[in-house]
Amino acid sequence: MIARYGITPSPAAAHRLATATDETPKPGELPHSDFRLIATPIMALHKVAETARAHGLTPLILGDALEGESAQAGILFAGIARCVATHGQPLTPPAVLLCGGETTVTIGQGSAGRGGRNTEFLLSLAIALGTPPQDTPGPHIWAAAGDTDGIDGTEDAAGAVITPDTLARARAAGLDPRATLTGHDSYTLFAALGDLIKTGPTLTNVNDIRAILIV
């Protein structure tokens, strides 16, 4: 890292970094140690998939390290969910699409909204699912997304849920879903609908989990 970023360390720091006894232990050098992974993103997704199967759903894990803009991810996954609902591909309903990782919300200058990457993803997903000509009769779609540590960004909610009537309920409450998404104010919309997921701190963190249910 020092070489990569062109850093000139102090003589004392350079000496410590060059000292062999300070080198990171390599496999086999600590014979009495025990290292185990007890929680990882893929473990969490497999557990959700196991629960889905127990409820008669077919799960599909689409990845445990997905990244990108939250709003764009919502549009992408709406397309996949619609394909499942309309064509039975890549699996037939009742099914649940699962993925993990952490998306990003890029805030524009002057934005004063409240939200996190999971609520923004869900609002974008709901809007994409409700936009004609996709708004056709057929299987219904629900979704949930949340951070496994119980905090979506800096908010007090882990995430939220959307239902087939999320947009209708939002408009009935005097909220404009598209304007809310543009203003990165998704937390406010889901709070008004009573659809936030609040778990409190979970004391573990294996990134976000997103689940889209098609039945």
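The values are calculated or read from the model by the stated rules, or taken from the named source; none is laboratory data. Predicted, not measured: the structure shown is a model, and the values here were computed from it. Virtual Cβ from ideal backbone geometry, glycine too; neighbours counted across all protein chains shown.
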In the range 142-155, anything modelled with pLDDT of 80 or more, part of a loop (DSSP other than H, G, I, E, B) and touching a helix residue (DSSP H, G or I) at 6+ places or on another chain (Cβ under 9 Å) is listed as Thr148, Asp152, Glu155
Please determine, by comparing only the residues of the range 16-58 that are within 33 Å of the chain's Cα centre (by Cα) and of a type in the set (Gly, Ala, Ser), which one is nearest to Val215 (Cα to Cα).
Gly56
Checking Thr21 against (1) in a helix (DSSP H, G or I); (2) at pLDDT 95 or above; (3) of a type outside the set (A, V, I, L, M); (4) more than 23 Å from Val206 (Cα to Cα), which single condition isn't satisfied?
(2)
Matching residues in the range 142-156 (surrounded by fewer than 24 Cβ atoms within 10 Å (Cβ to Cβ) and in contact with a strand residue (DSSP E or B) (Cβ under 7 Å, 6 or more places away or on another chain)) number 3
Residue hits (the range 96-126; in a strand (DSSP E or B) and under 18 Å from Ile42 (Cα atoms)) are Val96, Leu97, Leu98, Cys99, Gly100, Gly101
Given the structure, is Thr204 of a type outside the set (Lys, Arg), in a loop (DSSP other than H, G, I, E, B), in contact (Cβ under 8 Å) with a residue 60 or more places away in the chain and surrounded by fewer than 19 Cβ atoms within 10 Å (Cβ to Cβ)?
yes
Do you know which residues across the range 179-215 are closer than 16 Å to Gly116 by Cα, among the hydrophobic types (A, V, I, L, M, F, W, C) and in contact with a Pro (Cβ under 9 Å, 6 or more places away or on another chain)?
Leu189, Ile209
Please enumerate the residues belonging to the range 85-141 that are at pLDDT 85 or above, polar (S, T, N, Q) and more than 14 Å from Ala73 (Cβ to Cβ).
Thr86, Gln89, Thr92
Just checking, does the range 165-180 include any residue being touching a residue at least 60 places away in the same chain (Cβ under 8 Å) and within 20 Å of the chain's Cα centre (by Cα)?
yes
